[in-house]
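Shown next, in structure tokens, is the structure this report addresses.
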Amino acid sequence: MYWTQPKSAILESIDKFQLPLSELQAGDKLSYLTPFSTVSINHDFSISKESKEKLLVNKTLEYEKSEILKVKKPDYLGESKWAFKYRKKTIEAKINDLEWLNEFRQRKITIYPGDDVKARLKIIAKYDSMGKLISTHYSIEEVIEVMPMPLHEQISLFTEQDLDSNS
């Protein structure tokens, strides 16, 4: 069968079926009615986000660059992604620098609120056949350094001389 609609439109239609299917009980049935026929919908049918992405992706760009990222949420317990501020948006990135991660977990490296990390950031951008961005994935390949937030001292509106003369 030849599809005349773009893959994205077909996947959007499938998404519309997946929500009602997930709410059905064991004995429930869902059918699609057309003027010419009735089609029963398979209860067990689903497409994962990863599978949809694979169907849509036509081009992948992968590159690395050195960036300064503000640590928003570190992962203290497991192997999950960290949250960072990057170019005015929040991204999630897995840290693949196992040596640095091990030192962090052994408390040899500390991260405080407001700290930045200078890191080699790997970016994988995936596009569909029309050049539309489908997804962007980030990972930290190397942590170059932790950059502590500078401690700002409150600057007084008055000079020391003005404060002394009022005493």
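The values are calculated or read from the model by the stated rules, or taken from the named source; none is laboratory data. Given the structure is predicted, the values throughout are model-derived calculations rather than measurements. Every residue, glycine as well, gets a Cβ built from its backbone with ideal geometry; the counts of neighbours run over all protein chains shown.
Give me the residue from segment 77-100 that is surrounded by 10 or more Cβ atoms within 10 Å (Cβ to Cβ) and either free of Cβ contacts under 8 Å to residues at least 12 places away in the same chain or small (Gly, Ala, Ser) (or both) and, out of that set, nearest to residue 138 (Cα to Cα). This residue is 93. Would it be correct to say that residue 62 is charged (D, E, K, R), on the phi < 0 side of the Ramachandran plot and surrounded by 10 or more Cβ atoms within 10 Å (Cβ to Cβ)? Yes.
Per-residue answers, yes or no, for (1) surrounded by 17 or more Cβ atoms within 10 Å (Cβ to Cβ); (2) outside any strand (DSSP E or B); (3) modelled with pLDDT of 80 or more:
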| position | (1), (2), (3) |
| --- | --- |
| 120 | no, no, yes |
| 124 | no, no, yes |
| 140 | yes, no, yes |
| 144 | no, no, yes |
| 149 | no, yes, yes |
| 152 | no, yes, no |
| 167 | no, yes, no |
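Does at least one position in segment 114-130 carry a residue that is without any contact (Cβ under 8 Å) to a residue 12 or more places away in the chain and either within 23 Å of residue 57 (Cα to Cα) or of a type outside the set (Val, Ile, Thr) (or both)? No; the residues of segment 114-130 include none that is without any contact (Cβ under 8 Å) to a residue 12 or more places away in the chain and either within 23 Å of residue 57 (Cα to Cα) or of a type outside the set (Val, Ile, Thr) (or both). Scanning segment 84-113 for residues that are in a strand (DSSP E or B), out of contact with any Ser or Thr (no Cβ under 9 Å at 6 or more places or on another chain) and within 22 Å of residue 61 (Cβ to Cβ) gives 86, 89, 90. When segment 52-107 is examined, which residues are found to be hydroxyl-bearing (Ser, Thr, Tyr) and within 15 Å of the chain's Cα centre (by Cα)? Hits for segment 52-107 are 80, 86, 90.
Scanning segment 43-74 for residues that are touching a residue at least 12 places away in the same chain (Cβ under 8 Å) and assigned to a loop (DSSP other than H, G, I, E, B) returns 43, 45, 46, 47, 57, 58, 74.
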